[in-house]
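No lab work stands behind these numbers, since they all come straight from the coordinates. These figures come from a predicted structure and were not determined experimentally. Cβ atoms come from the backbone with ideal geometry, glycine included; neighbour counts cover every protein chain shown.
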Amino acid sequence: MQLANRFYDIMETDPMAAELLAIHPQPLDRIRHVFFLYLTMWLGGPNQYEQERGHPRLRARHLPFTVTPKLKAQWMYCMRKAMYECVNDMNIADQLLKALDQLADHMVNREDEAV
């Protein structure tokens, strides 16, 4: 899926996402595939994700990682850029981004550290 690959391309190359990239296992090949499967299922396509990995349980799967509002913002930055590059209908892109932003909010499990 173009969206999943573009998302990770941006994460790998954009300095705005450096902290987000740092928490992902390298190389990103496996996580790209898993994200593709998840997005396919989430968007109503074939459910190969659950067949391979079980129920998404996204919050539980992300609990071992520190997910702060800052990292969530970096994730949404990458997703926003990828979405607007890959989806031609801006109304659909905006609706998907709104839903993904709510989903990403749910992944936050720690506050940003005070500087």
* Could you list the chymotrypsin sites (Phe, Trp or Tyr not before Pro) in the range 1-85 that lie in coil according to DSSP, counting only those with at most 13 other Cβ atoms within 10 Å of their Cβ? => Phe65
* Structure fact -> Per the charge dipole of the range 75-115 (beta-carbon charges, Lys/Arg positive, Asp/Glu negative, Cα centre), the residue among Leu96, Cys86, Met107 reaching farthest to the positive end is Cys86
* Structure fact -> The simple spin-label model distance between Gln48 and Met16, using points 7 Å out along Cα→Cβ, in nm, is 3.1 nm
* Asked: Placing +1 at every Lys and Arg Cβ and -1 at every Asp and Glu Cβ, with all other atoms neutral, what dipole size does the chain have around its Cα centre, in debye to the nearest 20?
  -> 300 debye
* Structure fact -> Here, the range 47-115 modelled as identical Cα point scatterers in vacuum has Debye log10 I(q)/I(0) at q = 0.12, 0.18, 0.26, 0.28 Å⁻¹ of -0.40, -0.82, -1.10, -1.13
* Asked: How much net charge surrounds Tyr84 when only the other residues with a Cβ under 12 Å from the Cβ of Tyr84 are counted, with Lys and Arg +1 and Asp and Glu -1?
  -> 0
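Which value, to two decimals, describes the C-alpha radius of gyration of the range 2-107 once divided by 2.2 N^0.38 Å?
So the range 2-107 has a normalised radius of gyration of 1.03.
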